Amino acid sequence: MADDFKTLFVTAADKPALIAFSTPAWLDNVKSALQELNYKVHTAATHSDFLVRFHQVRYQVIVVEELFCANNLDENSTLKTLQSMPMSLRRDATVILLGDSFQTFAPMEAFQQSVHAVINSSEMFMIGQLIEKAVAENTLFLKSYREVQSHVSSL
């Protein structure tokens, strides 16, 4: 119970991650993998819970199940909300979509879903490495942007 209470608060030294899953086994695997990568993991049980948590903390990683609180991808309100958010709200997070209908690290599928990476659930056995790779690629991709943004803000 005390550990659950400690995870609610995020300090400047923490690496916060938010996960939204309906499948308990997947939730446990992703949560464990993120904790092994030293992320402080918050879980969302519903779409409204996801929205509340998302707007309270600047998450570095967000992992969403394709069928989170939905019967099919088109009903996934959380994904639709992320897709329609302005980039300024989600730029700092690496957004990963996990499900059965994707090919792992297929860039066009990720682009089509407005996320940074897609992962097929059959690759769950190496989810930690896949999350680490997605974060590293996103960080490298945004490096120049962040440098320019820093330079402009110092003028």
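The values are calculated or read from the model by the stated rules, or taken from the named source; none is laboratory data. The structure presented is a predicted model; accordingly, all values stated were derived computationally and were not measured. Cβ coordinates were reconstructed from backbone atoms using ideal geometry, including for glycine residues, and neighbour counts include every protein chain displayed.
Checked against (1) exposed (fewer than 13 other Cβ atoms within 10 Å of the Cβ); (2) under 16 Å from ALA134 (Cα atoms), PRO24 meets all criteria but (2).
The residue of the stretch 44-80 that is surrounded by the most Cβ atoms within 10 Å (Cβ to Cβ), among those that are in contact with a Pro (Cβ under 9 Å, 6 or more places away or on another chain) and hydrophobic (A, V, I, L, M, F, W, C), is VAL61.
Looking only at the stretch 32-43, decide whether some residue is modelled with pLDDT of 95 or more, over 26 Å from LYS143 (Cα atoms) and exposed (fewer than 14 other Cβ atoms within 10 Å of the Cβ). There is at least one residue in the stretch 32-43 that is modelled with pLDDT of 95 or more, over 26 Å from LYS143 (Cα atoms) and exposed (fewer than 14 other Cβ atoms within 10 Å of the Cβ). For ILE127, the conditions (1) part of a loop (DSSP other than H, G, I, E, B); (2) at pLDDT 95 or above are fulfilled apart from (1).
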